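For reference, the structure discussed in these notes is given below.
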Ligand SMILES: Cc1cc2nc3c(=O)[nH]c(=O)nc-3n(C[C@H](O)[C@H](O)[C@H](O)COP(=O)(O)OP(=O)(O)OC[C@H]3O[C@@H](n4cnc5c(N)ncnc54)[C@H](O)[C@@H]3O)c2cc1C
């Protein structure tokens, strides 16, 4: 069978593309290297800018226990704290629950899934894409969307530019039980990184941080780094000494590349983190992945309805993506400089304390308007 569309990767961008194209009547296959449900390294704060849109897809996060998050706190390395309201707010929901809910909606729109299959290679021959997996399966389609996330074997086989860039960030996530307000997102600086805390469903607290790989090497283990480096911030000390971890061991990822990547690699249109990833301190990567998938899937539907040609699809996608997200990526990259350094983060917290309006302006610069 030749599918209309094959989607590689079933995180948020892949699943939203699948739901939109499935409900638009196309034959869609989503190939995902893992299974559902599964935990992912993510801060799990979702900006409300995508809430009306998610509801239009048939998903209400509060029906499965998401927490309403409306306040933001920032602490310097030494524990000086400032607080502001979140202009649009957001919700806290684990990726374990979020992705699985969207997976079920995609199934209800007749999307086919090939789970536990890793796509290794894609070739285009006479306008038909041949998608090959590591286990030797082969599928065919007229269009391929790449939603494979931050870094994948597929990026290597496509020889994408970013794959050879040496990036030194790594990230850790774990759920904890402890004493934390339901409506708060807090971001705590430590030397060389920052750590976000916020509630998700089931009274779990998401603890997720970004740091340099060199720090991990220096301390030798995640546990030691948390105890000796992150715990220099008194708010984080409380987390790692008083709270109860829910996972047996934390999840971690490394070699994270931020910023924009090529949107079209060998005819594969990239979506979500595969197109570009914003620094996590902005708390907006998931909303961008969802919004970007909406932009892409609407254009793909126009192509199959013969309203636009293939070159028009490719050009419009690049144009619309850049218009919507390039400014936010740049704002996020500038903001990243204010974190992790004791002096700079201390100044940022003092500024936010004195002028809380600045915080709202900065948050607006990295976020979009509500998406219907
Ligand atoms: C430390 C950190 C904290 C973050 N915190 C937040 C936050 O609080 N709020 C927020 O909005 N955003 C946050 N983000 C960003 C957010 O996690 C991402 O933007 C979001 O997950 C993007 O979704 P995606 O679908 O593009 O990629 P992913 O969710 O990564 O999904 C990619 C999928 O592709 C699959 N895959 C990969 N390769 C292949 C292959 N070859 N074949 C088949 N399948 C494949 C993977 O298994 C995975 O399921 C954070 C990011 C980081 C790094």
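The values are calculated or read from the model by the stated rules, or taken from the named source; none is laboratory data. As the structure is a computational prediction, the values presented were derived from the model and not from experiment. Heads up, the Cβs are rebuilt from the backbone with ideal geometry, glycines too, and the neighbour counts pull from every protein chain shown.
Considering only residues that are within 11 Å of the ligand (Cβ to nearest atom) and in contact with a strand residue (DSSP E or B) (Cβ under 6 Å, 6 or more places away or on another chain), which ones fall in segment 19-38? The answer is 30, 31, 32, 35. Would you be able to say whether some residue in segment 52-68 is in a strand (DSSP E or B), closer than 30 Å to residue 355 by Cα and at pLDDT 95 or above? So far as segment 52-68 goes, yes, one or more of its residues are in a strand (DSSP E or B), closer than 30 Å to residue 355 by Cα and at pLDDT 95 or above. Against the conditions (1) at pLDDT 80 or above; (2) surrounded by 17 or more Cβ atoms within 10 Å (Cβ to Cβ), residue 363 satisfies every one except (1). Within segment 301-329, being crowded, with 17+ Cβ neighbours inside 10 Å and within 16 Å of the ligand (Cβ to nearest atom) holds for 317, 321, 325, 328, 329.
Being within 20 Å of the chain's Cα centre (by Cα) and at pLDDT 95 or above is a property that residue 269 has. The residues listed here are 292, 332, 276, 283; of these, the one that is closer than 24 Å to residue 54 by Cβ, modelled with pLDDT of 95 or more and within 16 Å of the ligand (Cβ to nearest atom) is 292. In segment 247-286, what residues are outside any strand (DSSP E or B) and surrounded by fewer than 16 Cβ atoms within 10 Å (Cβ to Cβ)? Passing the criteria: 247, 248, 249, 255, 266, 267. If I filter segment 175-203 down to residues being out of contact with any helix residue (DSSP H, G or I) (no Cβ under 9 Å at 6 or more places or on another chain) and under 14 Å from residue 94 (Cβ atoms), which single residue comes out as farthest from the ligand (Cβ to nearest atom)? Only one residue tops the list, namely 203.
Within the span defined as segment 233-240, every residue fails to be surrounded by fewer than 18 Cβ atoms within 10 Å (Cβ to Cβ), out of contact with any strand residue (DSSP E or B) (no Cβ under 9 Å at 6 or more places or on another chain) and modelled with pLDDT under 95. The residues of segment 206-224 include none that are surrounded by 22 or more Cβ atoms within 10 Å (Cβ to Cβ) and part of a helix (DSSP H, G or I).
Among the listed residues 362, 300, 344, which satisfies the condition of being in contact (Cβ under 8 Å) with a residue 60 or more places away in the chain and part of a helix (DSSP H, G or I)?
Going through 362, 300, 344 in turn, the sole match is 300.
Yes or no, residue by residue, for (1) surrounded by 15 or more Cβ atoms within 10 Å (Cβ to Cβ); (2) within 29 Å of residue 363 (Cβ to Cβ):
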position	(1), (2)
135	no, no
155	yes, no
162	yes, yes
168	no, yes
174	yes, yes
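For beta carbons closer than 6 Å, sequence separation of 6+ or different chains, a first residue in segment 12-23 that is more than 17 Å from residue 142 (Cβ to Cβ) and a second that is modelled with pLDDT under 95 and near the ligand (Cβ under 8 Å from one of its atoms), there are no qualifying pairs.
A residue that is surrounded by fewer than 17 Cβ atoms within 10 Å (Cβ to Cβ), assigned to a strand (DSSP E or B) and at pLDDT below 95 can be found somewhere in segment 74-84. Screening residue 184 against (1) touching a residue at least 60 places away in the same chain (Cβ under 8 Å); (2) closer than 30 Å to residue 68 by Cα; (3) touching a strand residue (DSSP E or B) at 6+ places or on another chain (Cβ under 9 Å); (4) surrounded by 22 or more Cβ atoms within 10 Å (Cβ to Cβ) leaves a single unmet condition, (4).
For segment 330-357, a residue qualifies if it is farther than 22 Å from residue 195 by Cβ and surrounded by 15 or more Cβ atoms within 10 Å (Cβ to Cβ), and exactly one does: 330.
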